[in-house]
Amino acid sequence: NKKVNRALCGAAMSLGTNIEIVDLPGYAPLHDDPNLIALSAEAAKLAIPEYEYHVSDTFSSGSTDMGDLCCVMPVVHPYAGGAQGRSHGNNYEIVDPVAACVGSAKLQLSMLLLLLQDEGKRAKEIIADYKPLFDSKEAYLAYMDSLNSSGDRIVYNEDETVAQVNLK
């Protein structure tokens, strides 16, 4: 981000003008909790044994607010089958409504059952085992706020030489 901002400021200085840059953070990267991944696989075998449940540990360039949540709490973002085409694309369609809707609901309810049985023992274990990136929601939000910046980036002297460049 600083390199891009520096290039933008350099272009503005070469023209003798200023530039307003608004920096806003996007979603944090999603890191599924390994314990919740295992739980979702177990729930799939319990709830929808007729469907193959594939666990993938590959990194995706997709983004979701689940990435933000994983900074402070354990999460998992399982995907339901039953669709084809490019996600969010013009060719995306549900081809198996039972898998996409009923199977997904069964999976989620089975995960809930596994988490809450025995007075929530498994949920409590997963929470206790999780090491968040931030100690609290407030610490995470303060960090995200620190990434926000906006305004003119170049301060000129009266003789039109550059006094300061604010890259942040």
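The values are calculated or read from the model by the stated rules, or taken from the named source; none is laboratory data. As the structure is a computational prediction, the values presented were derived from the model and not from experiment. Here Cβ is always computed from backbone atoms with ideal geometry, including for glycine, and neighbour counts include all displayed protein chains. Remember, those area values only see protein heavy atoms, side chains included, never the ligands or the DNA or RNA. Shrake-Rupley method; radii C 1.70, N 1.55, O 1.52, S 1.80 Å.
Structure summary
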| quantity | calculated |
| --- | --- |
| In the range 1-13, the residues that are surrounded by fewer than 11 Cβ atoms within 10 Å (Cβ to Cβ) and either touching a helix residue (DSSP H, G or I) at 6+ places or on another chain (Cβ under 6 Å) or farther than 20 Å from residue 143 by Cβ (or both) | 3, 7 |
| Count of residues meeting criterion [farther than 22 Å from residue 110 by Cα, open to solvent by 60 Å² or more (accessible area, probe 1.4 Å) and not in a loop (DSSP other than H, G, I, E, B)] in the range 14-68 | 2 |
| Answer from 138, 160 - the residue that is of a type in the set (D, E, K, R) and part of a loop (DSSP other than H, G, I, E, B) | 160 |
| Test for residue 79: is it in contact with a strand residue (DSSP E or B) (Cβ under 8 Å, 6 or more places away or on another chain) and open to solvent by 80 Å² or more (accessible area, probe 1.4 Å) | no |
| Every residue from the range 55-109 that is of a type in the set (Ser, Thr, Tyr) and in contact with a Gly (Cβ under 6 Å, 6 or more places away or on another chain) | 92 |
| Yes/no for residue 120 being touching a Cys at 6+ places or on another chain (Cβ under 9 Å) and among the small types (Gly, Ala, Ser) | no |
| Residue tally, condition assigned to a loop (DSSP other than H, G, I, E, B) and either surrounded by fewer than 15 Cβ atoms within 10 Å (Cβ to Cβ) or in contact with a Ser or Thr (Cβ under 8 Å, 6 or more places away or on another chain) (or both), over the range 83-96 | 9 |
| Considering residues of the range 115-155 that are of a type in the set (S, T, N, Q) and in contact (Cβ under 8 Å) with a residue 40 or more places away in the chain only, the residue surrounded by the most Cβ atoms within 10 Å (Cβ to Cβ) | 149 |
